[in-house]
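Structure record follows, encoded as structure tokens.
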Amino acid sequence: MDQDASGSGGWRFAQCFGDKGDVEDITEADIISAVEFDSTGNYLATGDKGGRVVLFQRNELKKGCEYKFYTEFQSHEPEFDYLKSLEIEEKINKIKWCKRQNAAHFLLSTNDKTIKLWKVFEKSLRVVSETNMHDGQQALAPPMAAQGLKLPRMTPQDQITAAVPRKVYSNAHAYHIHSISVNSDQETYISADDLRVNLWNLEVSDRSFNIVDIKPANMEELTEVITAAEFHPNHCNLFMYSSSKSNMKLADMRESALCDRHAKLFEEEEDPSNRSFFSEIISSISDVKFSHDGRYILSRDYLSLKIWDINMESKPVKTISIHDHLRGKLCDLYENDCIFDKFECTWGGDDKHVLTGSYHNYFRIFDVDDSGDVVLQADKSAFKAKKMGGPLPGNKAGAKNGVRPGGLRENMAMDTLDFNKKILHSSWHPREDTIAIAATNNLFLYSAA
């Protein structure tokens with residue numbers, strides 16, 4: 001991905017799915033809350049606050065990386081916990097694909113309390129085509145000879161895509177589930193809430209094993225919560241979980257059944273001169289991801305991205321500022337609750353680039369080696385520009401790296417940012433430079449030349 005003159009790094013807007021109306025008209029249930037490519041990149045799943053999962057399939061008839069609607073199903077419904085007098089939202093918190101073993105697709109989806117394993121498959125609808133009825137309704141006169149008797153015959157009528165819940169994993173979490181991760185052995189997965197991590201076998205829905213429990217005997221002594229958890233991509237015994245105390249713990253399931261004693265602790269010493277009322281909130285890690293080779297860890301806190309070497313626990317090998325211009329606005333962001341937004345981060349398929357989001361629908365792609373970055377905006381003007389054949393909005397030819405008066409990088413630091421527009425969820429195609437960006441109720445796809 002060489003930097004081009006327009007500052008878009010060769011990235012081009014490709015597609016946009018979803019209602020393209022004004023932000024004011026958006027229904028809460030349509031807001032996308034999870035995005036995930038499968039391991040081949042041929043399928044893409046999104047989940048929304050209305051509990052629906054929508055799948056997209058690569059359109060092989062088109063040149064380039066283009067997707068088309070595949071199927072949609074209602075994954076979760078709103079529930080009510082009568083014991084705790086709590087409403088359980090249908091919102092999809094995470095979607096994870098299982099590696100494909102046969103013609104069917106399997107994926108895990110979770111809301112705050114219940115995880116479901118869905119089987120999505122092509123199904124042939126068959127109908128009775130020959131009967132002893134006239135037009136299938138009026139009875140014919142009884143045949144006088146055996147040759148006149150018609151035997152009912154089933155004939156294929158239509159091909160449909162069906163989705164059925166194969167397993168439902170419930171009643172294992174007292175707190176809200178925020179992470180699920182399928183193991184590299186494709187037999188087990190972990191689910192995490194604020195205080196516990198559970199290990200499941202995909203085939204067993206009524207039993208799970210608690211492998212991390214940080215709940216103190218007295219809840220008044222609670223000082224931290226688990227914020228994210230993920231399995232190592234290659235070693236089925238290793239997983240990591242991050243904390244609101246800006247650290248990450250790598251745990252080895254071979255050491256003991258309960259992994260409260262971590263194998264490695266990744267934590268950076270805080271500079272005392274930077275301490276403030278907001279320090280603990282903005283240093284809380286919102287997402288962690290292993291690189292595809294398992295050598296590096298990517299973590300996201302409120303203002304920055306950090307890349308860690310799995311062999312060096314004391315400090316990250318690289319720290320990247322995402323929107324440092326917001327440091328002076330933390331008081332306002334605390335007042336409007338935006339300071340608690342959980343931004344996700346993701347590795348490129350080649351492990352050489354990382355992606356994360358910001359406000360006003362800006363998102364940034366960084367080169368891991370030279371810190372070169374591309375600022376893009378998932379905005380309605382992107383597909384308007386495509387229709388007219390123009391460049392991506394905010395990028396004019398002749399400006400190196402997009403740095404020019406009025407460029408996207410400068411626009412990001414403006415006071416006019418809309419904090420209701422934010423890129424929290426994204427996914428990167430595992431084999432190509434194609435990214436899926438969730439912008440409120442729209443799914444944007446961008447591809448690099």
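Data overview
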| quantity | calculated |
| --- | --- |
| Top-ranked residue of the range 15-72 - restricted to ones that are touching a strand residue (DSSP E or B) at 6+ places or on another chain (Cβ under 7 Å) and β-branched (Val, Ile, Thr), ranked as farthest from Trp118 (Cα to Cα) | Ile31 |
| Residues being open to solvent by 10 Å² or more (accessible area, probe 1.4 Å) and at pLDDT 90 or above - total across the range 51-78 | 14 |
| Residue within the range 100-112 that is among the aromatic types (Phe, Trp, Tyr), in a loop (DSSP other than H, G, I, E, B), open to solvent by 20 Å² or more (accessible area, probe 1.4 Å) and more than 24 Å from Gln15 (Cα to Cα) present | no |
| Test result for Ser205, part of a loop (DSSP other than H, G, I, E, B) and under 24 Å from Lys94 (Cα atoms) | yes |
| Of all residues making up the range 197-220, the number that are more than 21 Å from the chain's Cα centre (by Cα) and surrounded by 19 or more Cβ atoms within 10 Å (Cβ to Cβ) | 3 |
| Verdict on Asn183 being modelled with pLDDT of 90 or more, among the polar types (S, T, N, Q) and open to solvent by 50 Å² or more (accessible area, probe 1.4 Å) | no |
| Close pairs from the range 156-182: first without any contact (Cβ under 8 Å) to a residue 24 or more places away in the chain, partner surrounded by fewer than 20 Cβ atoms within 10 Å (Cβ to Cβ) and in a loop (DSSP other than H, G, I, E, B), Cβ under 7 Å, at least 6 apart | Tyr175/Asp194; Tyr175/Leu195 |
| Among (1) surrounded by 18 or more Cβ atoms within 10 Å (Cβ to Cβ); (2) modelled with pLDDT under 95; (3) among the aliphatic types (A, V, I, L, M), the one test that Ala229 misses | (2) |
| Check on Ile339, of a type outside the set (Phe, Trp, Tyr) and over 23 Å from Thr440 (Cα atoms) | no |
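Residue-wise test of (1) charged (D, E, K, R); (2) out of contact with any Cys (no Cβ under 9 Å at 6 or more places or on another chain); (3) under 21 Å from Ala228 (Cα atoms); (4) open to solvent by 40 Å² or more (accessible area, probe 1.4 Å).
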{"site": "Ile307", "(1), (2), (3), (4)": "no, yes, yes, no"}
{"site": "Ile310", "(1), (2), (3), (4)": "no, yes, yes, no"}
{"site": "Lys315", "(1), (2), (3), (4)": "yes, yes, yes, yes"}
{"site": "Thr319", "(1), (2), (3), (4)": "no, yes, yes, yes"}
{"site": "Leu330", "(1), (2), (3), (4)": "no, yes, no, no"}
{"site": "Glu335", "(1), (2), (3), (4)": "yes, yes, no, yes"}
{"site": "Trp347", "(1), (2), (3), (4)": "no, yes, yes, no"}
{"site": "Val354", "(1), (2), (3), (4)": "no, no, yes, no"}
{"site": "Tyr359", "(1), (2), (3), (4)": "no, no, no, no"}
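The values are calculated or read from the model by the stated rules, or taken from the named source; none is laboratory data. Remember, it's a predicted structure, so these values are computed and weren't measured experimentally. As a convention, Cβ positions derive from the backbone with ideal geometry for all residues, glycine included, and neighbour counts pool all protein chains shown. Protein only, heavy atoms only, side chains kept; ligands, DNA and RNA dropped before computing areas. Shrake-Rupley method; radii C 1.70, N 1.55, O 1.52, S 1.80 Å.
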